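The structure under discussion appears below in the form of C-alpha cells.
The values are calculated or read from the model by the stated rules, or taken from the named source; none is laboratory data. Keep in mind that this is a model prediction, so the values were computed, not measured. Every residue, glycine among them, receives a Cβ derived from its backbone with ideal geometry; neighbour counts consider all protein chains shown.
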C-alpha cells in the first residue's frame, strides 16, 4: 500500500529508531520528506511540561536545513512500528504543511493519506500562510515544464489560487517546479469541454474523462471537479 518514496521514508524513520537507547524521554522517531526528496529525522523529547513529539522535532530539523514545505511524514516507535500522529501534531501539519501525506497504520498495513483526512472539520489558524504543494505523476513533468499542459482537473483536492510548488513523483525521486495557480473553475464530468481537454494536452473531452476515471475510478457524471489553470513561474 506504500509507494517507493513512502518506503524510503519509513526506512529512514526506522533507522533513526535504532539509535534510541531505552531512555524513557526519547521513545519515538520521525522522518519528514521535503519537495526535493530529502529526508529529515528527529526523535521526541518527553517532559511533563509538554516536550515536543518526534514529528515536531523532525519539522524543526527540516526547517533548519532550509527544507521548505514537507510533503511526507511518518513516526515510529522504538520497535519500528508506525504510529499515527497525535492531535497536536495533526493540527500543526494542517496549519504549516497542509498538503503533506502521513503514513499511518491500518488493519491492512501501512498507508499514506493526506493530513487533512486525519483532521476532518479542522480548525484553520487564521494567521497561517503555508507554502502550498500540488502533486503530479512524474510523467507530466516535461509537458508542464515546456508549457504544453497549462491546467489540471482535480477531484476532492483543496488547491488555492496563488503560488505553489508542483511536485512530481516518479519512482524513487521527486522533481519540482515553481508555479502560480491563476484560477479555479467548477466543472463536472458532464460539463468538461474540448477546450478544457486541450489545456491538459488532450485531444478531446472524452480523452480527458477517460484519464480522470483512471485517477478517480468512482467519479460520477455529476461529481464536482475543479479545473485548475496555472502558469510556471519564470
When you look at residue 120, is it farther than 23 Å from residue 170 by Cα, outside any strand (DSSP E or B) and touching a residue at least 24 places away in the same chain (Cβ under 8 Å), yes or no? no
For a quick check of your reading of the model, give me the residue pairs whose first member lies in region 181-197 and is without any contact (Cβ under 8 Å) to a residue 60 or more places away in the chain, whose second is loosely packed, with under 14 Cβ neighbours inside 10 Å and assigned to a strand (DSSP E or B), with beta-carbon atoms closer than 8 Å and at least 6 apart or on different chains. 181/162; 181/163; 182/231
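Residue 157: surrounded by fewer than 17 Cβ atoms within 10 Å (Cβ to Cβ), touching a residue at least 60 places away in the same chain (Cβ under 8 Å), under 20 Å from residue 101 (Cβ atoms) and not assigned by TED's automatic domain parsing to the domain that holds residue 90, yes or no? So that I can check it myself, show each step before the final result.
Values: surrounded by fewer than 17 Cβ atoms within 10 Å (Cβ to Cβ): yes; touching a residue at least 60 places away in the same chain (Cβ under 8 Å): yes; under 20 Å from residue 101 (Cβ atoms): yes; not assigned by TED's automatic domain parsing to the domain that holds residue 90: yes.
Against the criterion (surrounded by fewer than 17 Cβ atoms within 10 Å (Cβ to Cβ), touching a residue at least 60 places away in the same chain (Cβ under 8 Å), under 20 Å from residue 101 (Cβ atoms) and not assigned by TED's automatic domain parsing to the domain that holds residue 90), residue 157 qualifies.
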Within region 60-84, can you find the residues that are within 15 Å of the chain's Cα centre (by Cα) and closer than 22 Å to residue 2 by Cα? 69, 70, 71, 72, 73, 74
Residue count, region 199-213, condition in contact with a strand residue (DSSP E or B) (Cβ under 9 Å, 6 or more places away or on another chain), buried (at least 17 other Cβ atoms within 10 Å of the Cβ) and either free of Cβ contacts under 8 Å to residues at least 24 places away in the same chain or farther than 16 Å from residue 144 by Cβ (or both), comes to 1
Taking the stated definitions as given, is residue 127 closer than 30 Å to residue 68 by Cβ, assigned to a loop (DSSP other than H, G, I, E, B) and either under 17 Å from the mean Cα position of the chain (by Cα) or in the same structural domain as residue 95 (by TED's automatic domain parsing) (or both)? no
